[in-house]
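Values quoted throughout were computed directly from the atomic coordinates according to the rules given, and no laboratory measurement underlies them. Nothing here was measured: the structure is a model prediction, and the numbers come from that model. Using ideal geometry, Cβ is built from the backbone for each residue, glycine included, and neighbour counts are taken over all protein chains shown.
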Amino acid sequence: MRFALPLMLAATATPAVAASGPFFSLANTDFIVTIGFLIFIGILVYFKVPGMLTGMLDSRAEGIRNDLDEARALREEAQSLLASYERKTREANDLAAEIVATAKAEAEAANVQARADLEASVERRLNAAVDQIDSARNAAVREVRDRAISVATAVAGEIVAKQMSASDADALIDQSIETVSAKLH
């Protein structure tokens with residue numbers, strides 16, 4: 001009912017009031033329209049339509065406020081996720097740089113080790129070659145010595161054979177048999 005007074009004042013300030021002739025007559029269409037309008041307003045007030053409209057507007061405003069709060073929360077969450085992903089990206093870049101540095105260090109160490117292994121292998125092969133040369137020299141010296149001994153033995157045998165008589169040879173053979181038999185037993 002608090003809306004009734006302003007509505008009545010608004011209805012009385014119409015151009016129909018300023019018109020000539022009786023205003024409160026059923027023949028006056030402005031009066032009929034005003035009465036219909038007031039009845040319409042009364043029905044709206046009776047059924048509490050302004051309260052419903054206010055409630056609808058309030059619920060709409062509350063929904064918008066909730067949407068804004070949700071959007072703000074989503075924005076904050078997105079910013080925190082972005083910060084998290086940026087931090088993870090920095091960590092991944094740092095890890096990649098560390099892996100590259102480690103790989104370079106390992107490659108350098110492997111290079112140094114390979115050079116050391118190669119030098120050791122060359123040294124071993126040189127030593128093996130020197131040993132083979134020494135062994136071949138010793139074998140050649142031994143072969144020359146054996147050959148010289150066999151030649152000297154053959155020459156000495158021929159000289160002794162020419163100078164020795166048959167009885168001396170038989171005595172020497174008997175003596176050699178006794179020496180061999182003494183050493184074997």
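So here's what we get for this one:
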read-out	value
Average silhouette area of the chain, convex hull of alpha-carbon atoms, in square nanometres	35.1 nm²
Separation between Cα centres of region 81-137 and region 21-37, rounded to whole Å	108 Å
Residue among Val122, Val130, Val33 with the largest mean-square fluctuation in a Gaussian network model of the chain, springs linking Cα atoms under 10 Å	Val33
For the chain, with +1 on Lys and Arg beta carbons and -1 on Asp and Glu, the positive-most of Phe31, Ser135, Ser176 along the dipole	Phe31
Computed log₁₀ I(q)/I(0) - Debye formula, equal Cα scatterers, no solvent, region 55-95, q 0.16, 0.18, 0.35 Å⁻¹	-0.54, -0.60, -0.98
Kyte-Doolittle mean at least -1.0 and Cα axial length at least 15 Å: DSSP H helices in the chain	29-46, 49-163, 166-184
The chain: most fluctuating residue of Ala83, Ala148, Ala61 per GNM, C-alpha cutoff 10 Å	Ala148
Compactness of region 86-185, expressed as Rg and Dmax over alpha-carbon positions, Å	36.4, 116
Taking all pairs of distinct alpha-carbon atoms in region 122-176, Kirkwood radius in angstrom	14.4 Å
Top of Leu172, Leu82, Leu118 by mean-square fluctuation, Gaussian network on the chain, Cα under 10 Å	Leu172
